[in-house]
Amino acid sequence: MAAAVILTGCPAPATPTPTPTLPTTPAAQTMGQLAELGKAMYAGNCSGCHGDAGQGNRAPAIIGANANLGKYNTAAALLAFVSTAMPAAKPGTLTATQYQQGVAFLLVQNGFATASTPFDPNGLDKIALKK
Ligand code: HEC
């Protein structure tokens, strides 16, 4: 008697690998919208050292006349610094979104961007930190 070969779990015919789709772009946001979220983020994670209004406290001023963010030249460099160095006691612990919110907040508060400026995460190198 012939042994019956029972094929269990026969693999389905190979399906073509789906073309990877790029992450969908989040709904367009303005600096103002992000800055509004950044305000709360700042209050929770930054104000203890930099002051309630960014005027400086245990850490340098980052908003207003005494702030010296021009040394970063562009918003992209500012974001890179903040993302890797802040909060100083636990650097890099916030999400990328939170860092973007914080930088949008600093940009609007310091007059480097208006609230209606579209927030383009890939275009931050075009925002000069000059007034
Ligand atoms: C534990 C205290 C502390 C916290 C919290 C903190 N910082 Fe700082 N921050 C510092 C210190 C100290 C410096 C200056 C030393 C340095 O440049 O590394 C600084 C520098 C900076 C600078 C550069 C200022 C300059 O003139 O170069 C920016 C911008 C900044 N912090 C943003 C933030 C943001 C945004 C947050 C919240 C996500 C934050 N910091 C939270 C202590 C802190």
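The values are calculated or read from the model by the stated rules, or taken from the named source; none is laboratory data. What you see is a predicted model, and the numbers here were worked out from it, not measured in a lab. Here the Cβ positions follow ideal geometry from the backbone for every residue, glycine too, while neighbour counts run over all protein chains shown.
Can you name the residue in the stretch 40-52 that is free of Cβ contacts under 8 Å to residues at least 24 places away in the same chain and outside any helix (DSSP H, G or I) and is also nearest to the ligand (Cβ to nearest atom) among such residues? Write out each step before concluding.
Looking only at the stretch 40-52, we keep the residues that are free of Cβ contacts under 8 Å to residues at least 24 places away in the same chain, and these are 40, 43-44, 47-48, 50-52.
Within this subset, residues satisfying the condition of being outside any helix (DSSP H, G or I) are 51-52.
Details: GLY51: 10, ASP52: 13 Å.
Looking at the filtered set, the residue picked out is GLY51.
Filtering the stretch 78-114 to residues that are surrounded by 14 or more Cβ atoms within 10 Å (Cβ to Cβ) and not in a helix (DSSP H, G or I) leaves MET86, PRO87, LEU94, ASN110, PHE112, ALA113. Of all the listed residues (THR97, THR84, THR74, THR30), the sole one being touching a helix residue (DSSP H, G or I) at 6+ places or on another chain (Cβ under 6 Å) and either more than 11 Å from the ligand (Cβ to nearest atom) or modelled with pLDDT of 95 or more (or both) is THR74. Taking the stretch 115-126 as the range and being more than 11 Å from LEU34 (Cβ to Cβ) and surrounded by 19 or more Cβ atoms within 10 Å (Cβ to Cβ) as the test, only LEU124 passes.
Scanning the stretch 50-88 for residues that are more than 12 Å from LEU107 (Cβ to Cβ), under 19 Å from the mean Cα position of the chain (by Cα) and aliphatic (A, V, I, L, M) yields ALA77, ALA80, ALA85, MET86, ALA88.
Does the stretch 53-77 hold any residues that are part of a helix (DSSP H, G or I) and loosely packed, with under 14 Cβ neighbours inside 10 Å, and which are they? Before the answer, list the steps.
Of the residues in the stretch 53-77, the ones part of a helix (DSSP H, G or I) are 69-72, 75-77.
Answer for the stretch 53-77, where residues must be part of a helix (DSSP H, G or I) and loosely packed, with under 14 Cβ neighbours inside 10 Å: GLY70, LYS71.
The selection criterion, being of a type in the set (A, V, I, L, M, F, W, C) and touching a residue at least 24 places away in the same chain (Cβ under 8 Å), holds for PHE112.
In the stretch 102-112, how many residues are near the ligand (Cβ under 9 Å from one of its atoms) and touching a helix residue (DSSP H, G or I) at 6+ places or on another chain (Cβ under 6 Å)? Give the steps one after another, and end with the answer.
Filtering the stretch 102-112 down to residues near the ligand (Cβ under 9 Å from one of its atoms) leaves 102-103, 105-106.
With the extra rule that they be touching a helix residue (DSSP H, G or I) at 6+ places or on another chain (Cβ under 6 Å), the set shrinks to 102-103, 105.
Result for the stretch 102-112: 3.
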